[in-house]
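Notes for the one structure printed next.
The values are calculated or read from the model by the stated rules, or taken from the named source; none is laboratory data. What you see is a predicted model; the values in this text were computed from it and never measured. Cβ: placed from backbone, ideal geometry, glycine included. Neighbour counts: every protein chain shown. Quick note on the areas: whole protein, heavy atoms, side chains included, nothing else; ligands and nucleic acids left out. Shrake-Rupley method; radii C 1.70, N 1.55, O 1.52, S 1.80 Å.
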Amino acid sequence: MNNTADWCLILPLLIPLVSATLCLFFRVDLEVQRRVSLAAMILLTVASAMLLGQTLGGEIHAVSVGGWQGPFGIVLVGDLLSSIMLMACSAVSLAVMAYGVGQLPELESRRFFHPLALLLVLGVNGSILTGDLFNLYVWFEVMLLASFVLLALGRRKDQLEGALKYVTLNLVASLIFLSVVGILYGKLGTLNMADLAAKLAEEQDSFLVNSSAVLLLVAFGIKAALFPFFFWLPASYHTPAVTISALFAGLLTKVGVYAILRVFTLIFDIQTGHLQTVLVWIAGFTMVVGVLGAAAHFEIKRILSFHIVSQIGYMIMGITFLTPLALGGVIFFIVHNMVAKTNLFLIAGIVEKKCGTTDLNRTGGLFAQAPGLSALFLVSAIALAGLPPLSGFWAKFTLVKAGFEVEAFWIVGISLAVGIMTLFSMTKIWAEAFWKSAPEDVLDDTTASQPISSWLMTPVVIFAAVAACMGLFAEPFLNTMTLAGEQLLEPRAYIEAVLNPQGGKQ
């Protein structure tokens with residue numbers, strides 16, 4: 001580690017690891033844990049911003065941990081995609097941790113929330129930065145362990161049921177992933193992703209290539225909540241405290257999409273066989289079942305959980321187009337969705353605090369009681385639905401334009417129809433929770449007149465502003481992300497950065 005870029009690759013792992021350990025030492029002092037967590041997230045955000053600055057020009061940095069040069073050692077790689085993802089994940093983590101100071105009940109916080117959340121962030125960062133397929137599996141397991149315990153923190157029956165469904169299907173994904181890792185290592189003698197890309201490009205055994213690609217798609221598809229493996233997400237994400245739900249909504253499925261984006265541009269070619277066609281159909285079904293599930297429910301967190309599924313379909317659709325514009329649009333869509341979806345969950349937590357519930361039948365009157373919160377909800381909801389001039393409009397516009405360029409008219413048509421249904425769901429929440437009067441039988445039980453803590457409102461205001469800025473000043477964001485898409489479609493620079501003898505940068 002002899003330069004700034006090397007430290008920027010190490011610090012996103014070192015900061016949450018050390019901070020989680022400190023929180024365990026101070027497990028009986030909640031205030032110290034909060035301060036350590038917030039300080040760690042601030043430092044992580046700074047380190048992520050520095051890495052993003054190092055890669056904005058298209059450079060790719062790689063560091064071999066322990067001095068063992070790839071493909072033999074543990075390699076961390078920072079290109080434009082990974083630095084953008086890391087920056088977005090750090091921002092989401094910081095916002096959610098700050099929000100948690102004002103939202104989480106003290107009892108639930110004392111049950112190791114802070115070290116577990118930091119462990120989850122560690123797993124996310126490791127998944128994004130790793131250059132090795134086996135280490136990707138390890139980081140996925142770190143995420144699974146931390147998220148499973150976070151889901152069950154409250155020990156309520158619905159939480160335990162949701163956690164059981166979550167961990168069962170994700171363990172199946174882990175088993176499939178580990179099986180592929182074993183097969184590839186047995187056949188090729190390497191799991192370094194750059195080395196795998198080089199060797200599979202010359203591999204004559206098409207069955208090995210195709211079967212490995214399909215199994216990895218299934219494993220990552222479960223992690224990303226793709227159709228038909230999505231049902232664990234809406235069954236579990238609404239059950240814990242909103243702080244935990246928001247952290248999951250912003251991070252977990254996006255790491256699954258990142259893995260698909262990385263592996264199927266670097267190692268495997270989705271244009272071989274029927275994989276591209278299968279992915280297009282999966283994307284369409286994922287969009288449709290997600291938005292229909294949201295339309296059928298009347299509880300805010302369930303609606304938002306189904307919309308996570310629906311929005312993942314857009315990202316997979318863009319990956320199948322396989323053009324720089326499409327991949328840039330996918331990355332823009334991921335970042336936009338992390339911001340908008342996390343913010344909607346945070347707003348749902350404030351609604352729950354003021355009304356005592358997120359059941360739309362028992363909420364109302366919030367527009368009169370909290371006009372500022374209502375405006376912030378509208379910004380995030382409009383962004384999610386894809387209306388101009390906010391971030392969601394440009395995210396969907398870019399994918400639609402890329403779809404027209406490759407003449408994928410039917411899937412683009414489905415995405416536009418799903419966008420209308422998304423607007424319907426957001427309108428339903430607005431009409432029931434904000435616009436209508438509060439039901440008479442719950443008026444005495446509400447706390448709507450109480451002021452909202454600044455710990456709760458500040459992250460919501462900032463993320464609403466980010467969604468607006470990404471829409472009003474979309475060009476520099478889209479240019480940067482299109483550059484990342486071009487970089488993904490030309491993997492030679494990534495391979496050389498990892499495998500060149502000096503371990504330098506490209």
The alpha-carbon center of the range 49-98 and that of the range 325-369 are separated, in whole Å, by 28
With the charge dipole of the chain built from beta-carbon charges (+1 for Lys and Arg, -1 for Asp and Glu) about the Cα centre, the Cα from 16, 411, 3 projecting farthest to the positive end belongs to 16
The answer for residue 453, listing residues at least 5 apart or on another chain whose modeled amide H is closer than 5 Å to its amide H, is none
Of the range 351-387, those with amide N under 11 Å from the point 7 Å along the Cα→Cβ vector of residue 450 are 353-356
Row for the range 54-125, column shape: gyration tensor on C-alpha, a ≥ b ≥ c, rounded if a/c < 1.5 i.e. under 1.5, prolate if a/b over b/c, else oblate; value oblate
With every protein chain in place, the accessible area of residue 165 for a 1.4 Å probe, in Å² rounded to the nearest 10, comes to 100
With Cα coordinates, the longest principal axis of the chain makes an angle with the long axis of helix 371-385, in degrees rounded to 10, of 40
In whole Hz, the Karplus estimates of ³J(HN,Hα) for the range 35-51 (6.51, -1.76, 1.60; θ = phi - 60°; x where Gly or Pro) are 5, 4, 5, 5, 4, 5, 5, 5, 4, 5, 5, 5, 4, 5, 5, 5, 5
The range 183-211 scanned against label point 7 Å out from residue 72 along Cα→C-beta; backbone N under 15 Å for 190-192
Calc'd 3J(HN,Hα), the range 253-266, phi into Karplus 6.51 cos²θ - 1.76 cosθ + 1.60 (θ = phi - 60°), Hz, glycine/Pro = x, comes to 5, 5, 5, x, 5, 4, 4, 4, 4, 5, 5, 8, 10, 9
With residue 210 itself left out, Lys, Arg at +1 and Asp, Glu at -1 over residues whose Cβ is under 15 Å from its Cβ give -2
Rounded to the nearest 0.05, FRET efficiency between residue 462 and residue 407 (Cβ-Cβ, R0 35 Å) equals 0.30
Per the rule of 0.36 nm per residue minus the C-alpha distance, extending residue 437 to residue 375 adds in nm 20.6 nm
Sorted by chain and number, the residues with a modelled amide H under 5 Å from that of residue 60, at a separation of 5 or more or across chains, are 506
Dividing the mean separation of Cα pairs under 8 Å (6+ apart) by the residue count of the range 195-348 yields a relative contact order in percent of 28
Taking Cα atoms, the helix 157-188 axis meets the longest principal axis of the chain at an angle in degrees (rounded to 10) of 10
For the range 374-494, the charge dipole (Cβ of Lys, Arg +1; Cβ of Asp, Glu -1; about the Cα centre) points to a positive end, and the Cα of 477, 458, 491 closest to that extreme belongs to 491
Calc'd 3J(HN,Hα), the range 345-351, phi into Karplus 6.51 cos²θ - 1.76 cosθ + 1.60 (θ = phi - 60°), Hz, glycine/Pro = x, comes to 5, 4, 5, 4, x, 5, 4
Partner lysines whose C-alpha sits under 24 Å from that of residue 436, ignoring same-chain residues fewer than 8 away, are 301, 341, 353, 354, 428
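In nm, what is the difference between 0.36 nm times the number of residues separating residue 492 and residue 185 and their Cα-Cα distance?
So the extension gain works out to 108.4 nm.
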Per the C-alpha gyration tensor (a ≥ b ≥ c, the square roots of its eigenvalues), the range 82-161 is rounded if a/c is under 1.5, else prolate if a/b beats b/c, else oblate; here it's oblate
Taking Cα pairs closer than 8 Å and at least 6 residues apart, the relative contact order of the chain in percent is 18
The helix 275-296 Cα axis meets the longest alpha-carbon principal axis of the chain at an angle in degrees, between 0 and 90 and rounded to 10, of 10
